[in-house]
Amino acid sequence: MPATMQALVILEPNKFEIQEVSVPTAGPNEVLARVRAVSICGTDAHLIRGDYPGFWPPSFPFIPGHEWAGEIAALGPGSELYGWKVGDRVAGTSHDACGVCQKCVEGRYNLCENYGRPGLHKQYGHSVQGADATYVVQGVKTIFPLPDGLSFDEGAVIDPASIALHVANRGNIAPGDTVAITGAGAIGLLGGDAARIRGAARIILIERNPGRLAKAAAMGFETVDSSAGDPVATVREMTGGFGVDVVLECAGVPATVQWAIGMLRRGGRCAAVGIPTQGVEIAMQRLVLDELELVGCRASAGEMRRVMPLVEQGRMRVRDVMTHRFTLTDYEQALATFNNPASGAIKIIVAP
Ligand SMILES: [Zn+2]
Ligand SMILES: [Zn+2]
């Protein structure tokens, strides 16, 4: 095992470099993994810009990255009891919850009531060091066996795929439903696949970026160009005036949240995963009188294992959203590509 490794280190907002840092050591019920692929998430871009001061990350310098795959390089004490061996291929996720609080006991570890409490809870790449490095240490609760049929690159998109499935599950999509999705980024597109997996009959992607609209159409979804007119009126027209049974809100800006509520059929349900950075005015009268439901969706909770066979079967098409690949040393170029709406970037894989 080498003593040092390459890591992407954020020094302060918008200032980062590749540094040679010490290889971390796996503690009890943790493993050290050789990271083979890590995917850039919208949260990484926010975090690098310093959009969540004092929260994600709690302080600088900081190593981000939380959507990754690789192989186990060393076992911390106790991890072998769970069956882990050196060389096992794994996909990682970020929430290392306490496992003891009421929400964890109920299986909703994404809502751990000890979130961020030192010694009880970690969120890799958010509150503690992440996977944008040659090696990462993570707890056994946050690694999942990667089937031989899936590449490390695909493995790095299992975490967002699990989130897409979680959003569709929270949306409680029933067979035959008509589903609209705001935002054709990775979660929106994979959310479309998740909606189909749950039996949706029609899936309508709402987006304004021409490249993403083309991608959504190429993946077989109906599309609405929100720059071409009022998307609520268009979706109502497309559904005989009724609106859609479920909206997956994957864009996270006030307008898209309002569209989502506006295009719901009576009794419809909106599952929101996009996180607006400001307050949003909600049409409460409609929500009350039409018995609409609005639910939040945070990360995933139990979907990591469930989504992998769906990816293997080609029903959750992670390859279709993987658009670029860079080495970790070219992270600056990778991030610039990710942040450029004209680049066609959806999921960018970085190889440490
Ligand atoms: Zn992410
Ligand atoms: Zn907990």
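Scan segment 110-118 and tell me whether some residue there is away from ligand 2 (no atom under 16 Å from the Cβ), open to solvent by 10 Å² or more (accessible area, probe 1.4 Å) and over 22 Å from the mean Cα position of the chain (by Cα).
Within segment 110-118, none of the residues are away from ligand 2 (no atom under 16 Å from the Cβ), open to solvent by 10 Å² or more (accessible area, probe 1.4 Å) and over 22 Å from the mean Cα position of the chain (by Cα).
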Q | Sole exception among (1) open to solvent by 70 Å² or more (accessible area, probe 1.4 Å); (2) modelled with pLDDT of 95 or more; (3) on the phi < 0 side of the Ramachandran plot for E291, by number | A | (3)
Q: Among what's in segment 93-109 and is within 14 Å of ligand 2 (Cβ to nearest atom) and in contact (Cβ under 8 Å) with a residue 24 or more places away in the chain, pick the residue that is surrounded by the fewest Cβ atoms within 10 Å (Cβ to Cβ).
A: G107
Q) Y135 fails exactly one of the following numbered conditions: (1) crowded, with 21+ Cβ neighbours inside 10 Å; (2) more than 13 Å from E71 (Cα to Cα); (3) not aliphatic (A, V, I, L, M). What is the number of that condition? A) (2)
(Q) Quick check on this structure: which one of G116, G78, G92, G87 is at negative phi and of a type outside the set (A, V, I, L, M)? (A) G92
Q) Is it the case that segment 80-92 has a residue that's buried (at least 23 other Cβ atoms within 10 Å of the Cβ) and either within 16 Å of ligand 1 (Cβ to nearest atom) or over 14 Å from E30 (Cα atoms) (or both)? A) yes
Q) Can we say R34 is open to solvent by 40 Å² or more (accessible area, probe 1.4 Å), over 23 Å from I275 (Cβ atoms) and touching a Ser or Thr at 6+ places or on another chain (Cβ under 8 Å)? A) yes
Q) Of all residues in segment 138-167 being among the polar types (S, T, N, Q) and either open to solvent by 20 Å² or more (accessible area, probe 1.4 Å) or in contact with a helix residue (DSSP H, G or I) (Cβ under 8 Å, 6 or more places away or on another chain) (or both), which is nearest to ligand 2 (Cβ to nearest atom)? A) S162
Q | Long-range neighbours under 6 Å by Cβ, at least six apart or interchain, first residue more than 15 Å from P352 (Cα to Cα) within segment 1-29, second charged (D, E, K, R) and open to solvent by less than 50 Å² (accessible area, probe 1.4 Å) | A | none
Q) Quick one: what pairs do we get from segment 312-323, first residue in contact (Cβ under 8 Å) with a residue 24 or more places away in the chain, second in a helix (DSSP H, G or I) and acidic (D, E), C-beta under 7 Å, 6+ apart or different chains? A) R315/D193; M316/D193; R317/D193; V318/E154; R319/E154; M322/D153
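The values are calculated or read from the model by the stated rules, or taken from the named source; none is laboratory data. Since the structure is predicted, the reported quantities are computational estimates derived from the model, not experimental observations. In this analysis, Cβ positions are derived from the backbone assuming ideal geometry, glycine residues included, and neighbour counts consider all displayed protein chains. Keep in mind that these areas ignore ligands, DNA and RNA; they rest on the heavy atoms of the full protein, side chains included. Shrake-Rupley method; radii C 1.70, N 1.55, O 1.52, S 1.80 Å.
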